[in-house]
1. Looking at region B:242-269, which of the residues that are in contact with a Lys or Arg (Cβ under 9 Å, 6 or more places away or on another chain) and within 20 Å of B:THR339 (Cα to Cα) is most open to solvent (accessible area, probe 1.4 Å)?
2. For A:PHE101, which of the numbered conditions (1) in contact (Cβ under 8 Å) with a residue 40 or more places away in the chain; (2) surrounded by fewer than 20 Cβ atoms within 10 Å (Cβ to Cβ); (3) part of a loop (DSSP other than H, G, I, E, B) fails to hold?
3. Which residue, of A:LEU84, A:LEU52, is more than 21 Å from A:HIS147 (Cβ to Cβ) and at pLDDT 95 or above?
4. State yes or no: is B:ALA567 outside any loop (DSSP other than H, G, I, E, B) and either modelled with pLDDT of 95 or more or open to solvent by 10 Å² or more (accessible area, probe 1.4 Å) (or both)?
5. Answer yes or no as to whether B:ASP282 is not β-branched (Val, Ile, Thr) and not assigned by TED's automatic domain parsing to the domain that holds B:VAL367.
6. Can you tell me which of (1) open to solvent by 50 Å² or more (accessible area, probe 1.4 Å); (2) modelled with pLDDT under 95 is the one B:ALA718 doesn't meet?
7. Specify which of the listed residues (B:VAL162, B:VAL199, B:VAL150) is surrounded by 19 or more Cβ atoms within 10 Å (Cβ to Cβ), part of a loop (DSSP other than H, G, I, E, B), among the β-branched types (Val, Ile, Thr) and in the same structural domain as B:LEU24 (by TED's automatic domain parsing).
8. Given the criterion within 14 Å of chain A (Cβ to nearest Cβ) and open to solvent by 10 Å² or more (accessible area, probe 1.4 Å), identify the matching residue among B:ARG393, B:ARG425, B:ARG408.
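The values are calculated or read from the model by the stated rules, or taken from the named source; none is laboratory data. Not measured: the values here are computed from a predicted model. With ideal geometry, Cβ positions are generated from the backbone for all residues, glycine too; neighbour counts draw on all protein chains shown. Side chains are part of the model used for accessible areas, which takes the heavy atoms of the whole protein and leaves out ligands, DNA and RNA. Shrake-Rupley method; radii C 1.70, N 1.55, O 1.52, S 1.80 Å.
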Amino acid sequence: MPAHQFMLNGQPVSVESPADLPLLWVLRDVLGVTGPKYGCGVGVCGACTSHLDGEAFRPCLHPVGEIAGREVRTIEGLADATGLHPVQQAWIAEDVAQCGFCQPGQIMAAVALLRKNPQPTDADIDAAMSDNVCRCGTYVRIRSAIHRAALLLRSGASLPER
Amino acid sequence: MADMRPTDSAPPGGLDRRRFLTWLVASPTLMIAARWGLDLPSAQAAEAPALEETALNLYVAVRTDGRIVATLPRTEMGQGITTAVAMLVAEELDAGLDAVDVSTADADPRWLIQLTGLSSTMRYLAGPLRAAAAEARARLVTAAAHRWRVLALTLTTAQGEVRAPDGRRLGYGELAEDAARVLLPEVSPLPKSPSEYTVVGQPTGRVDARAIVTGEARFTLDLDIPGAVPTVVARPPTLRGTVQSFNASTARAMPGVVGVVQLPSGVAVAAQTFAQAFAARDALQVTWAPGPASHLSDADIRARLRDAIGPRPLPPLLTTRVVEGRFDFPYLAHAPMETQSCVARVTGDVAEVWSGVQDPKFARSQVAAALGWALTPQRVTVHPIRAGGGFGRRFFTEAAVEAALISRSLGQPVKLMWSRNDEMRHGHYRPASHHRILASLGPGGSILGWHHRAAIPTVEFPHGFGDLLTSLLGQALPDVTSAVFFALTQHVPYQFGWVAQELAEVPLPIPTASFRSVFTSQVGVANEVFVDQLARELQRDPVELRRSRLTSRRLKAVLDRVVLEGAWGRALPPGVAQGVAVLEEWDSAIAHLVEVDVTSGTPRVLRVVIAADVGLPINPKGIEAQLQGAALDAMSTTLSAGLHIDAGAVREGSFADYRWLRMKHAPASIQVHLVRSDDRVGGVGELGYPSAAAALTNAIARATGTMPTRFPILDEGA
């Protein structure tokens, strides 16, 4: 089996697996990285949303063979030594989560949105976040948390890399 | 084993005359158990039995490191009970919220009620929790008094310490062993009065928020059980179809495949990764026998339900006009984000399962029966795990049964995951229904009668519902049937003359389950929509009509509150309208005001204003979250999410066609205002669904001039 090398949460990893194995299962079943969740496997729920080279993507849809040499970040790699990412802080401050199953994906989608658009309007949030389902119905709080995170990012001295 | 001084204490508020007991459990460190005393003899009973033999509700323990652990037989599925329980314990013990751990108990017959549902967790456990924690505090204080040789009454507690007037302090951890040997508390072991609360009632963030936002929170399939192989199941196209024959030779030869196992429900494939298991599943050649509902499609089901309505009853005397409303509701999937899943390890004559179950004792008996151990269920250990949403689906435990059978067959642990298709197409569903409401009007706009007949397929209630209802209602209800549950829960809170509500139970071979608010999600919604229709017929304002007929002071108060906060009747542009609705259930009352915009052709909810009287609000932030979530639940299923049945198969397979609302459909705000009429603890989990659905429907009716009668409204074929 071929070895696939890529960066995962800032660390180089090498995985021996078939090239067509979706990255979600490489993460969860081979590497034991369980933050990205299975919700549908076909890219319609967003529960596995993570970052590929800084952009939000669906690991359930991307074979590991496509990932070689690229940089993957999951929810586990969002906080750094200095503490939680402002989006995570905002999620706690707004008490967003209910069951929590979709939230790693929601947070990663929000981080990617804010990197592109530091001051999103409600319409921008609707456009960027509507591919992530929350069955518990936390959308109103997610929206508030994104606005709060935008404020934190603007006021923060150091803009996180990720 | 136990010290024999049960404390007989009435719950704060004094509204509930039932009592509960607390007792010290023999343990190296302080441990207090508690239970409702519904069927107990006098509290002066000479001896309490040992923990292993005693039926109980929960226990609270203090460890030598100062951690306080509350162990209870309930599952966290997102409803926030972990936080609310920690708050009650921290309050009574005068400890920091972060010093309290809440632990979910394994399945065990000792737990009086081990079922998470019916909006009952806090209603049922707040009393025993307060009593146990207050008793623990009293013993910690007494232990400190003995250590310091001072009067216990002179001591105080704060921040997890006992404090003396001279400034001496001892942390609870340092007292945990001594307190376990205190025979008689020397200060009051009674809970605080709600007026003294400093933690309970404060809006408090989830205690597990950090674990969730960092990805550390573990769900069933995130557990690291050594050697557990990913497993999926090929399932029939129809509901409860069966395997006629299959050929697994191609599948077995595929990369990573560990084994193939035939089950009553399909054919399981285990592999090194879930992707390989899915690929091998797809390579199976299976001939399926159709399931028992394969002669049924939507049109047949609707006809069966309509036929069950029967002829009109005679209206009351003096009736001058009868107004009729008919409503159709669809089958609904619970569709939790986390699909059904279970890790199982069956070795020799014991089994261990990990799963997000709402009824662990039922899971245990089901797994035991499947393994041929019906008479020795103690061979099965069930660990309830944090669940990614439940909503009633996890009362049923097919995944646990399947995983146990596969593990035994393969001789190794398995982690079984249902696909999203499996979840949608092989669930237990909120049944479809058809309703006829007849309002009898008399001279001068009087309302002489209200007759609601609901045709609903039989709902399969979980195993533990009878015990729970018996405890909640104080009357023995060993078997809960659809008819019993309907009669217990369905009420019309208006003076509408002669009121009757009847259930026509229609047995259909489609699996069913309770869903958030159970029958009220249909009967209660239809009633509140038809109240608006009645207002139109009588040319009265819907709020004014409700106010004039409501029989509940609490409902009037919450209705008045949304009218005020939501500015009922304010000027709105054409195509934008407001709707209201109310509900009283499980000791709580709620009103919704919804504003909707129909100018684009597709209704868009602009804002929702909620007023709720849940009695004592333990965690207002958590209550707000539940009510906001229930509003989204109601909006989704009222507008766009509903199932279709085609020849015994469920058409919808994922969130692509089961159109749950997305961020772009969510209103700008969902405000929650709490009204507190007394200090009873009311139910919250289901409260927010029915009147949200009805208020939205009423707003659409007012905006379009047409009352929607088929749900989901945006389904052309509904």
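1. B:SER265
2. Among (1) in contact (Cβ under 8 Å) with a residue 40 or more places away in the chain; (2) surrounded by fewer than 20 Cβ atoms within 10 Å (Cβ to Cβ); (3) part of a loop (DSSP other than H, G, I, E, B), A:PHE101 violates only (2).
3. Result of the check over A:LEU84, A:LEU52: A:LEU52.
4. Here the answer is no, as B:ALA567 does not meet what is asked.
5. No; evaluated as a whole, the condition is false for this residue.
6. Status for B:ALA718: all satisfied but (1).
7. Result of the check over B:VAL162, B:VAL199, B:VAL150: B:VAL199.
8. Testing whether each residue is within 14 Å of chain A (Cβ to nearest Cβ) and open to solvent by 10 Å² or more (accessible area, probe 1.4 Å) leaves just B:ARG425.
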